[in-house]
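Encoded as C-alpha cells, the structure appears first; notes follow it.
Just so it is clear, none of the values below were taken in a lab; they were calculated from the coordinates. Quantities reported herein were computed from a predicted structural model and do not represent experimental measurements. Every residue, glycine as well, gets a Cβ built from its backbone with ideal geometry; the counts of neighbours run over all protein chains shown.
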Amino acid sequence: MFEYIKGSIAELNPAYVVIDVNGLGYLIQISLQTYSALEGQGEGMVYLHHVVREDAELLYGFATRNEREVFRLLNSVSGVGVNTARVILSSLSTQEVERAIITDDVNALKRIKGIGLKTAQRIVVDLKDKVGKSNDPAQIFGAANNTIRDEALSALVMLGFAKAPAVKLIEQLLAEGVATTVEGLIKESLKRL
C-alpha cells in the first residue's frame, strides 16, 4: 500500500523513528540497521511495510529496498512474525542474513535471540531458492574480494565440488585471512573439502 515515507526526523531511537511529514508524525518500527543509517540525520526516507491487524495498523521502515525484501521473505516463513523478522535484521546485516540462508549456515541464525534450531532450519529451507534468485551475489557477499572469491568458487565447482559447501568454505577462508589470492584459496579449499 505505501512505498516509502520521506520527511524530517522528529524522534529516533533503536526501536522506532517518528518522521514528520507536513506536521503529521508517523511512528515507524525499525531495525538497528535502519537506525544506524538514519542516525545523525535531520531528514530521512524509509521504505515501508504496512501491517493491518484487528487492533492496530503498524508501519515498519527500512533504509534500503533490499532490507525490506529480506524482511518480507523472513515474514513469509511459518513461525517468523514481523517482530522476529525485525530482531533478525537487528542482529545480522541484510547481507549476513542472505549469506546464512544461501550457505545453509543454521548456526548463524540460531545465535539470534528467540530463534531455535527448527526455526533457523525452516528459514534456510523455505528461503534458499528465493534469496539466491532475487539478489545479486555481489551484494550478498560484499564488494571486496569478489573477483578472487568468484574465480575460486568457479574453479571448485568445475572440479566437481558442490557449490554451497564451497561458498561457505571460501567465506570462512577469507574471513580467517588464510588466503588472499585465487590460487591460495583453491589450494586451501582443496585441503579442507
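Here are a few things to note about the model shown:
- Cross-link pairs beyond the 32 Å C-alpha cut-off, checked among LYS113/LYS168; LYS6/LYS168; LYS113/LYS187; LYS6/LYS110: LYS6/LYS168; LYS113/LYS187; LYS6/LYS110
- Shape class for the stretch 66-139, computed from the alpha carbon gyration tensor (a ≥ b ≥ c): rounded, with a/c under 1.5.
- Net charge contributed by nearby residues that have their C-beta within less than 15 Å of THR180 (K/R +1, D/E -1): -4
- Computed magnitude of the charge dipole of the chain (debye, nearest 20; Cβ of K, R +1, Cβ of D, E -1): 720 debye
- Positive-end residue, the chain charge dipole about Cα centroid, Cβ charges, pick of VAL18, THR64, SER90: SER90
- Cα extents of the chain along the three principal axes, largest first (Å): 62, 35, 26
- Relative contact order of the chain, defined on C-alpha pairs under 8 angstrom at six or more residues apart (%): 13 percent
- Around ILE9: net Lys/Arg minus Asp/Glu count, Cβ-Cβ under 10 Å: -4
- Karplus-derived 3J(HN,Hα), 6.51/-1.76/1.60, for each residue of the stretch 72-81, Hz, glycine and proline x: 5, 5, 4, 5, 6, 7, 4, x, 10, x
- Cα gyration tensor shape for the stretch 4-62, rounded if a/c is under 1.5, else prolate or oblate: oblate
- On Cα atoms only, tilt of 146-158 relative to the major axis of the chain in degrees: 50 degrees
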